[in-house]
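Trainee: Provided herewith is a single structure, encoded as structure tokens, for subsequent inquiry.
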Amino acid sequence: MDLKIFDRMESEVRGYVRSFPVIFNKARGSELYDEDGRCYIDFFSGAGTLNYGHNNPVLRERMMAYLESDGVTHALDMATSAKKYFMQTLGRLVLEPRGMDYVLQFTGPTGTNAVEAALKIARQVKGRQNVISFTHGFHGVSGGSLAATANRKFRKAAGVALGNISFMPYDGYFGPDVNTMAYLERMLDDPSSGLDQPAAVIVETVQGEGGVNVASQRWLRELERLCRRHDMLLIVDDIQVGCGRTGGFFSFEAAGISPDIVTLSKSLSGFGLPMSLVLLRRELDVWEPGAHSGTFRGNNLAFVTAAQALETYWTDAALSEEVEAKERLVRDWLENLAHSCRDAGLGVRGRGLIQGLVTPVGDGLAGRIARRAFELGVVIETSGAQDEVLKVLPALTIPREQLQQGLEIVERSVGEVLAGEGRRSRPLKVAGGGR
Ligand SMILES: *Cc1c(COP(=O)(O)O)cnc(C)c1O
């Protein structure tokens, strides 16, 4: 495949085309096709944007009907029928059953827009500048969000000082034996710790880009308690692991916490269309009309598919149960795999259908496995501070058979890469097994 035009015309900033150097021209469900007609199983899902698969036929049908009826596609933030219907549906199927009284702020359509708005309003409400973010956190790459993003590569690109954020250690940062919440609590309680009183805390329940680090339910509950005690707002950035990725619609439901602000994006439209949303506890809504703006706050096509996605997948518990069952399958498979190549020092972590195969830091093993998997027909990415985690992120709707096929390819890639490097691994054929 001729990728020369991408090399010649596109900026060096391009990223994923380097990991997957083919030209894709078709996608259906969990399958991606390149121009040569080769099929790949998608274990990446647009970094969590395609929870319901590519070109989901139910969503597409609704969108096509909307377009053919001359439905409005762009309307700034004017009222449209599509937006009205989305709000009614989100209220009826998501917010009301959970007893959530949030107002909705529609921001520009990317995740970082939602984070910017969340940080702004938190600072306005509390009249303080500092916000706590966590090690390995990722919240986007525009100014305000970038300040809350930990990754050095992204931060270096800013070219200016990034401030008004204090980073604290995420759950497990020093290993399982150190309680990082106790550290944060001490920093907050001690008026001479040097920590300026924060307006808010921004946190991911599972760090998607930061290496599939999972915060325990207990840690999250402690964090909520600390927020209440120190008059800080709790912002949960659910952009990557919301919309069912961990089973419930919101990733924080299982912990029983009630964030003050929630950011949603990636899989919210359900179809891969850009759309972002901030949920604000009603009394935090101190915005002046129009004070946070944006031309594309009304992607009406996204409203249409988002409403349909809710109606298709969130009227009962079927999808959540499906995610749970598939989580067990992936988890067992990866654990068996890690176990069967014991000398390679592999581990597994994750929650729901975001699971990571953790390789030793610093030797690029995960990247080599991902490359081999791609050659063998699976699109899969790495994550983590040093790209040491192979991130398994299939569509929630992936057929079981395809999920197993993909896992078999991942397993084979691990085996081949380890064998090629002369690392001992036990025979891999027992790993996984048919569940
Ligand atoms: C992807 C992501 C963002 C940023 O979203 P963009 O659409 O890339 O701006 C923010 N937070 C989290 C947790 C994400 O995964």
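We did not get these values from a lab; they are worked out from the coordinates using the rules stated. Quick caveat: nothing in here was measured; it's all calculated off a predicted structure. Neighbour counts are summed over all protein chains in view; Cβ atoms, including those assigned to glycine, are modelled from backbone coordinates with ideal geometry.
Trainee: Taking amide H atoms as placed 1.01 Å from N in the peptide plane, list the residues 5 or more away in sequence, or in a different chain, whose amide H sits under 5 Å from that of Gly350.
Mentor: Under 5 Å from the amide H of Gly350 lie the amide H atoms of Gly356, each far enough along the sequence or on another chain.
Trainee: Moving on to the next point. Would you work out the charge dipole size for the chain about its Cα centre, treating the Cβ of every Lys and Arg as +1 and the Cβ of every Asp and Glu as -1, and quote it to the nearest 20 debye?
Mentor: It comes to approximately 380 debye.
Trainee: Among residues other than Met1 whose Cβ falls under 13 Å from its Cβ, what is the net charge (Lys/Arg +1, Asp/Glu -1)?
Mentor: -3
Trainee: Can you list the lysines whose alpha carbon is less than 21 Å from that of Lys84, not counting same-chain residues fewer than 8 positions off?
Mentor: Lys266
Trainee: On a full-extension model of 0.36 nm per residue, what is the gain between Asn25 and Lys156, subtracting their alpha-carbon distance, rounded to one decimal in nm?
Mentor: That pair, Asn25 and Lys156, stretches by 43.8 nm at full extension.
Trainee: If you count the DSSP beta bridges with both ends in the stretch 59-313, what percent of them are antiparallel, to the nearest 5?
Mentor: Looking only at bridges with both residues in the stretch 59-313, the antiparallel portion is about 50 percent.
Trainee: Next question. Residue by residue, what Karplus-based ³J(HN,Hα) values in Hz, rounded to whole numbers, does the stretch 79-95 have, using 6.51, -1.76 and 1.60 with θ = phi - 60° and x for Gly and Pro?
Mentor: 6, 10, 4, 5, 5, 4, 5, 4, 5, 4, 5, 4, x, 5, 9, 10, 6
Trainee: Near the amide H of Phe134, under 5 Å away, which other amide H atoms are found, from residues 5 or more places off or on another chain, if H is placed in the peptide plane?
Mentor: Met168
Trainee: Rounded to whole Hz and in sequence order, give me ³J(HN,Hα) for the stretch 15-21 from the Karplus expression 6.51 cos²θ - 1.76 cosθ + 1.60, θ = phi - 60°, writing x for Gly and Pro.
Mentor: Computed from phi, the couplings for the stretch 15-21 are x, 5, 4, 6, 6, 10, x Hz.
Trainee: So, one more: The stretch 1-74 to the stretch 301-326: how many Å between their Cα centroids?
Mentor: Centre-to-centre distance over Cα atoms comes out at 20 Å.
Trainee: Considering only DSSP beta bridges where both residues belong to the stretch 123-248, give the percentage that are antiparallel (nearest 5).
Mentor: Looking only at bridges with both residues in the stretch 123-248, the antiparallel portion is about 15 percent.
Trainee: Among the listed pairs Lys120/Lys156; Lys83/Lys156; Lys4/Lys391; Lys26/Lys153, give every one whose C-alpha distance is greater than 27 Å.
Mentor: Lys83/Lys156; Lys4/Lys391; Lys26/Lys153
Trainee: Whole angstrom only: what separates the Cα centroid of the stretch 147-213 from the Cα centroid of the stretch 376-424?
Mentor: Cα centroid of the stretch 147-213 versus Cα centroid of the stretch 376-424: 30 Å apart.
Trainee: Going by the alpha-carbon gyration tensor, a ≥ b ≥ c the square roots of its eigenvalues, is the stretch 59-313 rounded (a/c under 1.5) or, if a/c is not under 1.5, prolate (a/b greater than b/c) versus oblate? Intermediate results must be reported in sequence, preceding the final value.
Mentor: Working: a/c = 1.89, a/b = 1.69, b/c = 1.12.
In terms of gyration-tensor shape, prolate.
Trainee: Order 143-155, 245-257, 29-41, 348-360 from most to least packed using the mean count of other Cβ atoms within 10 Å.
Mentor: Descending mean neighbour count gives 348-360, 245-257, 143-155, 29-41.
Trainee: Right, another one. I need the calculated FRET efficiency for the pair Glu10 and Asp190, taking r as the beta carbon distance and R₀ as 56 Å, to the nearest 0.05.
Mentor: Rounded to the nearest 0.05, the efficiency is 0.65.
Trainee: Modelling each spin label as a point 7 Å along the Cα-to-Cβ direction, I'd like the Ser81/Ala291 distance in nm, to one decimal.
Mentor: Output for this residue pair reads 3.5 nm.
Trainee: May I ask for the net charge around Thr305, where only other residues with Cβ less than 11 Å from the Cβ of Thr305 are counted and Lys, Arg are +1 while Asp, Glu are -1?
Mentor: With Lys, Arg at +1 and Asp, Glu at -1, the net is 0.
Trainee: Helix-derived [θ] at 222 nm for the chain: sum -39500 (n - 2.57) over DSSP H runs of at least 4, divide by residue count, nearest 500?
Mentor: Using -39500 (n - 2.57) per qualifying helix, the result is -10500 deg cm²/dmol.
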